Ligand SMILES: [Zn+2]
(Lines give C-alpha, C1' and ligand atoms only; values in the text may rest on other atoms or scores of the structure.)
Protein backbone atom coordinates (compact mmCIF):
# COMPACT_ATOMS: atom_id res chain seq x y z
CA UNK A 1 0.00 0.00 0.00
CA UNK A 2 1.29 3.41 -0.92
CA UNK A 3 1.76 5.82 1.94
CA UNK A 4 0.30 9.28 1.91
CA UNK A 5 0.47 12.23 4.29
CA UNK A 6 -2.29 14.21 5.93
CA UNK A 7 -3.80 17.07 3.91
CA UNK A 8 -4.51 18.76 7.26
CA UNK A 9 -0.83 19.67 7.65
CA UNK A 10 -0.07 23.40 7.42
CA UNK A 11 3.62 23.30 8.37
CA UNK A 12 6.30 20.79 7.35
CA UNK A 13 9.88 20.49 8.61
CA UNK A 14 11.22 17.01 8.05
CA UNK A 15 13.40 15.75 10.89
CA UNK A 16 16.64 13.79 10.38
CA UNK A 17 15.59 11.66 13.35
CA UNK A 18 13.77 8.82 11.62
CA UNK A 19 14.13 5.35 10.11
CA UNK A 20 13.26 5.20 6.43
CA UNK A 21 11.13 3.42 5.38
CA UNK A 22 8.99 1.98 8.16
CA UNK A 23 8.95 -1.85 8.19
CA UNK A 24 5.31 -2.42 9.17
CA UNK A 25 1.99 -1.21 7.75
CA UNK A 26 0.35 1.57 9.74
CA UNK A 27 -2.19 0.02 12.12
CA UNK A 28 -1.67 1.92 15.38
CA UNK A 29 -2.09 5.45 16.74
CA UNK A 30 0.20 6.72 19.50
CA UNK A 31 -0.69 10.10 20.98
CA UNK A 32 1.92 11.99 23.05
CA UNK A 33 1.92 15.19 25.09
CA UNK A 34 4.63 17.76 24.32
CA UNK A 35 4.80 19.10 27.90
CA UNK A 36 4.70 22.66 26.60
CA UNK A 37 2.11 24.90 24.93
CA UNK A 38 4.36 25.32 21.93
CA UNK A 39 3.86 25.97 18.22
CA UNK A 40 4.37 23.59 15.30
CA UNK A 41 7.42 25.68 14.37
CA UNK A 42 9.00 25.20 17.81
CA UNK A 43 8.42 21.46 17.60
CA UNK A 44 10.05 21.53 14.16
CA UNK A 45 13.14 23.25 15.60
CA UNK A 46 13.41 20.68 18.39
CA UNK A 47 13.11 17.71 16.02
CA UNK A 48 15.55 19.30 13.53
CA UNK A 49 18.42 18.76 15.99
CA UNK A 50 20.09 15.39 15.43
CA UNK A 51 21.36 15.46 19.01
CA UNK A 52 17.74 15.25 20.23
CA UNK A 53 17.34 11.83 18.59
CA UNK A 54 13.59 12.44 18.74
CA UNK A 55 10.76 13.14 16.33
CA UNK A 56 7.11 12.40 15.66
CA UNK A 57 5.12 11.95 12.48
CA UNK A 58 2.85 14.85 13.37
CA UNK A 59 2.59 17.60 15.93
CA UNK A 60 -0.31 19.82 16.94
CA UNK A 61 0.60 23.33 18.09
CA UNK A 62 -1.22 25.22 20.84
CA UNK A 63 -3.19 27.13 18.18
CA UNK A 64 -4.52 23.88 16.69
CA UNK A 65 -2.36 23.93 13.56
CA UNK A 66 -0.86 20.61 12.47
CA UNK A 67 2.80 20.11 11.58
CA UNK A 68 4.56 17.15 9.95
CA UNK A 69 8.10 16.12 10.90
CA UNK A 70 8.32 12.53 9.65
CA UNK A 71 6.34 11.38 6.63
CA UNK A 72 3.96 8.49 7.16
CA UNK A 73 6.14 6.20 5.01
CA UNK A 74 8.89 6.55 7.61
CA UNK A 75 9.26 5.54 11.23
CA UNK A 76 9.46 8.35 13.75
CA UNK A 77 11.59 8.16 16.90
CA UNK A 78 8.90 8.94 19.39
CA UNK A 79 7.63 6.21 21.72
CA UNK A 80 10.86 4.61 23.08
CA UNK A 81 9.94 1.45 21.17
CA UNK A 82 11.07 0.70 17.61
CA UNK A 83 8.43 -1.95 16.95
CA UNK A 84 5.64 0.39 18.03
CA UNK A 85 6.87 3.31 15.98
CA UNK A 86 7.32 1.14 12.87
CA UNK A 87 3.57 0.40 12.92
CA UNK A 88 2.25 3.57 14.54
CA UNK A 89 1.54 7.11 13.50
CA UNK A 90 2.89 9.22 16.35
CA UNK A 91 1.38 12.57 17.24
CA UNK A 92 2.90 15.10 19.65
CA UNK A 93 0.20 17.34 21.13
CA UNK A 94 0.85 20.74 22.74
CA UNK A 95 -0.01 20.45 26.43
CA UNK A 96 0.52 22.06 29.83
CA UNK A 97 3.86 21.43 31.52
CA UNK A 98 2.37 20.00 34.71
CA UNK A 99 -0.04 17.22 35.66
CA UNK A 100 -2.53 16.41 34.17
CA UNK A 101 -0.83 17.90 31.06
CA UNK A 102 -4.10 19.31 29.76
CA UNK A 103 -4.52 20.29 26.13
CA UNK A 104 -6.78 23.13 24.99
CA UNK A 105 -10.05 22.63 23.08
CA UNK A 106 -8.63 23.75 19.73
CA UNK A 107 -5.81 21.24 20.04
CA UNK A 108 -8.19 18.48 21.09
CA UNK A 109 -10.50 19.20 18.12
CA UNK A 110 -7.52 19.17 15.73
CA UNK A 111 -6.36 15.86 17.24
CA UNK A 112 -9.75 14.25 16.53
CA UNK A 113 -9.66 15.58 12.95
CA UNK A 114 -6.11 14.34 12.39
CA UNK A 115 -6.68 10.88 13.86
CA UNK A 116 -9.85 10.48 11.79
CA UNK A 117 -7.92 11.45 8.66
CA UNK A 118 -5.09 9.02 9.46
CA UNK A 119 -7.54 6.15 9.98
CA UNK A 120 -9.37 6.92 6.75
CA UNK A 121 -6.28 7.11 4.57
CA UNK A 122 -4.68 4.01 6.09
CA UNK A 123 -7.75 1.78 6.10
CA UNK A 124 -8.09 1.66 9.89
CA UNK A 125 -11.80 0.84 10.15
CA UNK A 126 -12.11 1.55 13.85
CA UNK A 127 -10.01 2.59 16.81
CA UNK A 128 -9.93 0.22 19.76
CA UNK A 129 -8.65 1.47 23.12
CA UNK A 130 -8.04 -0.55 26.25
CA UNK A 131 -7.12 0.60 29.74
CA UNK A 132 -5.19 -2.68 30.05
CA UNK A 133 -1.53 -2.21 29.08
CA UNK A 134 -1.18 -5.89 28.17
CA UNK A 135 -4.01 -5.57 25.64
CA UNK A 136 -2.46 -2.41 24.18
CA UNK A 137 1.14 -3.52 23.73
CA UNK A 138 0.14 -6.96 22.41
CA UNK A 139 -2.62 -5.57 20.20
CA UNK A 140 -5.15 -7.93 21.73
CA UNK A 141 -8.85 -7.77 20.82
CA UNK A 142 -8.14 -5.35 18.00
CA UNK A 143 -6.50 -2.84 20.32
CA UNK A 144 -4.71 -0.29 18.12
CA UNK A 145 -3.95 2.65 20.39
CA UNK A 146 -0.77 2.63 22.45
CA UNK A 147 0.79 5.20 24.78
CA UNK A 148 4.35 6.23 25.53
CA UNK A 149 4.06 5.15 29.20
CA UNK A 150 3.68 1.57 27.97
CA UNK A 151 7.33 1.61 26.87
CA UNK A 152 9.12 4.03 29.18
CA UNK A 153 8.86 5.32 32.72
CA UNK A 154 7.01 8.45 31.64
CA UNK A 155 3.67 10.04 32.33
CA UNK A 156 3.23 10.68 28.58
CA UNK A 157 0.59 11.25 27.18
CA UNK A 158 -0.40 12.75 30.56
CA UNK A 159 -3.56 11.86 32.42
CA UNK A 160 -5.64 14.48 30.59
CA UNK A 161 -5.18 12.72 27.24
CA UNK A 162 -4.78 9.20 28.67
CA UNK A 163 -8.21 9.48 30.32
CA UNK A 164 -9.72 10.69 27.05
CA UNK A 165 -8.45 7.89 24.83
CA UNK A 166 -11.79 6.07 25.03
CA UNK A 167 -13.62 9.28 24.12
CA UNK A 168 -11.19 9.96 21.25
CA UNK A 169 -11.76 6.44 19.89
CA UNK A 170 -15.55 6.83 20.18
CA UNK A 171 -15.64 10.18 18.36
CA UNK A 172 -13.27 9.05 15.60
CA UNK A 173 -15.30 5.85 15.14
CA UNK A 174 -18.52 7.85 15.00
CA UNK A 175 -17.03 9.93 12.17
CA UNK A 176 -15.66 6.89 10.34
CA UNK A 177 -19.08 5.20 10.53
CA UNK A 178 -20.95 8.35 9.52
CA UNK A 179 -19.00 8.36 6.26
CA UNK A 180 -19.61 4.68 5.67
CA UNK A 181 -23.40 4.80 6.05
CA UNK A 182 -25.56 7.26 4.10
CA UNK A 183 -27.10 9.98 6.20
CA UNK A 184 -30.71 9.40 7.13
CA UNK A 185 -33.03 12.13 5.86
CA UNK A 186 -33.42 14.92 8.35
CA UNK A 187 -36.76 15.39 10.08
CA UNK A 188 -38.35 18.71 9.17
CA UNK A 189 -41.04 20.37 11.24
CA UNK A 190 -43.62 21.81 8.87
CA UNK A 191 -46.20 24.32 10.01
CA UNK A 192 -49.53 23.44 8.45
CA UNK A 193 -52.46 25.85 8.25
CA UNK A 194 -55.05 23.79 6.43
CA UNK A 195 -55.85 20.69 4.41
CA UNK A 196 -58.47 20.61 1.65
CA UNK A 197 -59.79 18.06 -0.79
CA UNK A 198 -60.72 20.86 -3.23
CA UNK A 199 -57.59 22.53 -4.51
CA UNK A 200 -59.15 25.96 -5.06
CA UNK A 201 -59.97 26.08 -1.34
CA UNK A 202 -56.32 25.45 -0.55
CA UNK A 203 -55.42 28.13 -3.12
CA UNK A 204 -57.70 30.58 -1.32
CA UNK A 205 -56.09 29.94 2.05
CA UNK A 206 -52.63 30.24 0.48
CA UNK A 207 -53.67 33.59 -1.00
CA UNK A 208 -54.87 34.74 2.43
CA UNK A 209 -51.56 33.72 3.98
CA UNK A 210 -49.55 35.44 1.25
CA UNK A 211 -51.58 38.59 1.70
CA UNK A 212 -50.49 38.53 5.34
CA UNK A 213 -46.86 38.16 4.34
CA UNK A 214 -46.40 34.45 5.04
CA UNK A 215 -44.22 32.49 2.65
CA UNK A 216 -46.57 29.69 1.75
CA UNK A 217 -46.30 26.46 -0.18
CA UNK A 218 -48.60 23.58 -0.94
CA UNK A 219 -48.08 19.84 -0.84
CA UNK A 220 -50.40 17.01 -1.80
CA UNK A 221 -50.70 14.01 0.52
CA UNK A 222 -53.20 11.41 -0.63
CA UNK A 223 -56.31 13.34 -1.69
CA UNK A 224 -55.57 16.38 0.43
CA UNK A 225 -53.97 19.67 -0.54
CA UNK A 226 -52.08 20.90 2.47
CA UNK A 227 -51.09 24.50 2.90
CA UNK A 228 -47.85 24.87 4.85
CA UNK A 229 -45.69 27.74 5.99
CA UNK A 230 -42.04 26.91 6.50
CA UNK A 231 -40.12 23.71 7.14
CA UNK A 232 -37.74 23.86 10.07
CA UNK A 233 -35.05 21.47 11.28
CA UNK A 234 -35.25 23.01 14.75
CA UNK A 235 -38.68 22.47 16.34
CA UNK A 236 -38.60 25.68 18.39
CA UNK A 237 -38.44 27.65 15.12
CA UNK A 238 -41.56 25.83 13.92
CA UNK A 239 -43.24 26.62 17.25
CA UNK A 240 -42.43 30.30 16.78
CA UNK A 241 -43.89 30.31 13.26
CA UNK A 242 -47.01 28.52 14.51
CA UNK A 243 -47.50 31.21 17.16
CA UNK A 244 -47.08 33.95 14.54
CA UNK A 245 -49.74 32.31 12.38
CA UNK A 246 -52.14 31.92 15.29
CA UNK A 247 -51.61 35.54 16.29
CA UNK A 248 -52.55 36.48 12.72
CA UNK A 249 -55.78 34.50 13.04
CA UNK A 250 -54.81 31.32 11.23
CA UNK A 251 -55.20 27.82 12.49
CA UNK A 252 -51.83 26.06 12.56
CA UNK A 253 -50.19 22.89 13.77
CA UNK A 254 -46.85 21.19 13.32
CA UNK A 255 -46.40 18.06 11.22
CA UNK A 256 -43.32 16.14 10.14
CA UNK A 257 -45.22 14.63 7.22
CA UNK A 258 -44.00 15.64 3.80
CA UNK A 259 -45.82 15.44 0.49
CA UNK A 260 -45.56 16.16 -3.21
CA UNK A 261 -45.07 19.82 -4.00
CA UNK A 262 -48.07 21.41 -5.75
CA UNK A 263 -48.16 24.83 -7.42
CA UNK A 264 -50.48 27.32 -5.77
CA UNK A 265 -53.21 28.32 -8.23
CA UNK A 266 -53.88 31.86 -9.39
CA UNK A 267 -56.72 33.54 -7.59
CA UNK A 268 -59.75 34.43 -9.65
CA UNK A 269 -60.52 38.15 -9.67
CA UNK A 270 -63.01 39.53 -7.15
CA UNK A 271 -65.17 40.59 -10.07
CA UNK A 272 -66.21 36.98 -10.53
CA UNK A 273 -67.84 36.81 -7.12
CA UNK A 274 -71.55 36.25 -7.58
CA UNK A 275 -74.44 34.76 -5.71
CA UNK A 276 -73.70 31.09 -5.06
CA UNK A 277 -69.89 31.57 -5.26
CA UNK A 278 -67.81 29.70 -2.71
CA UNK A 279 -65.63 32.26 -0.97
CA UNK A 280 -63.18 32.70 1.87
CA UNK A 281 -62.67 35.83 3.92
CA UNK A 282 -59.18 37.29 3.86
CA UNK A 283 -57.48 36.84 7.21
CA UNK A 284 -57.96 39.82 9.49
CA UNK A 285 -60.78 41.37 7.43
CA UNK A 286 -63.58 43.13 9.31
CA UNK A 287 -67.33 43.03 8.77
CA UNK A 288 -68.78 45.51 6.29
CA UNK A 289 -69.42 47.94 9.13
CA UNK A 290 -65.99 47.47 10.65
CA UNK A 291 -66.83 44.87 13.29
CA UNK A 292 -64.60 41.99 14.29
CA UNK A 293 -64.98 38.50 12.91
CA UNK A 294 -64.32 35.30 14.82
CA UNK A 295 -61.06 33.66 13.82
CA UNK A 296 -62.81 30.54 12.51
CA UNK A 297 -64.44 32.70 9.83
CA UNK A 298 -61.09 33.05 8.05
CA UNK A 299 -60.72 29.29 7.81
CA UNK A 300 -64.16 28.46 6.49
CA UNK A 301 -65.50 28.35 2.96
CA UNK A 302 -68.80 30.28 2.67
CA UNK A 303 -71.54 30.69 0.12
CA UNK A 304 -72.33 34.13 -1.28
CA UNK A 305 -75.98 34.77 -0.39
CA UNK A 306 -76.46 38.37 -1.46
CA UNK A 307 -74.50 41.12 -3.23
CA UNK A 308 -75.20 44.87 -3.10
CA UNK A 309 -72.36 46.71 -4.79
CA UNK A 310 -69.31 46.23 -2.54
CA UNK A 311 -71.40 44.69 0.27
CA UNK A 312 -71.51 40.89 0.16
CA UNK A 313 -73.52 38.71 2.54
CA UNK A 314 -71.91 35.35 3.16
CA UNK A 315 -73.15 32.29 4.99
CA UNK A 316 -73.49 28.56 4.99
CA UNK A 317 -76.30 27.58 2.67
CA UNK A 318 -79.07 30.04 3.61
CA UNK A 319 -77.67 30.78 7.08
CA UNK A 320 -76.16 34.25 7.12
CA UNK A 321 -72.82 34.59 8.88
CA UNK A 322 -71.75 38.14 8.04
CA UNK A 323 -71.72 40.98 5.58
CA UNK A 324 -68.27 41.87 4.35
CA UNK A 325 -66.58 43.96 1.67
CA UNK A 326 -66.27 42.21 -1.68
CA UNK A 327 -62.57 43.13 -1.74
CA UNK A 328 -62.07 41.11 1.43
CA UNK A 329 -63.23 37.90 -0.28
CA UNK A 330 -61.38 35.40 -2.38
CA UNK A 331 -62.98 32.82 -4.60
CA UNK A 332 -62.69 29.36 -3.07
CA UNK A 333 -64.35 27.21 -5.69
ZN1 LIG B 1 5.70 10.72 24.56
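The values are calculated or read from the model by the stated rules, or taken from the named source; none is laboratory data. The shown structure was predicted, so the numbers you read here are calculated from the model rather than taken from an experiment. Heads up, the Cβs are rebuilt from the backbone with ideal geometry, glycines too, and the neighbour counts pull from every protein chain shown.
When the test is whether a residue is within 30 Å of residue 252 (Cβ to Cβ) and either within 28 Å of the chain's Cα centre (by Cα) or buried (at least 17 other Cβ atoms within 10 Å of the Cβ) (or both), residue 192 passes it.
Can you find a residue that is touching a residue at least 40 places away in the same chain (Cβ under 8 Å) and over 26 Å from the mean Cα position of the chain (by Cα) anywhere in region 236-247? Looking for residues that are touching a residue at least 40 places away in the same chain (Cβ under 8 Å) and over 26 Å from the mean Cα position of the chain (by Cα), one finds at least one in region 236-247, hence yes.
In this entry, residue 220 is excluded by the filter for residues that are more than 16 Å from the ligand (Cβ to nearest atom), more than 28 Å from residue 77 (Cβ to Cβ), in a helix (DSSP H, G or I) and outside the structural domain of residue 100 (by TED's automatic domain parsing).
Among all residues of region 161-178, there is at least one that is surrounded by fewer than 21 Cβ atoms within 10 Å (Cβ to Cβ), at pLDDT below 95 and more than 21 Å from residue 60 (Cβ to Cβ). For region 9-104, the strands (runs of 3 or more DSSP E) that sit wholly inside it and include 2 or more residues that are within 14 Å of the ligand (Cβ to nearest atom) are 28-33, 58-60, 88-93.
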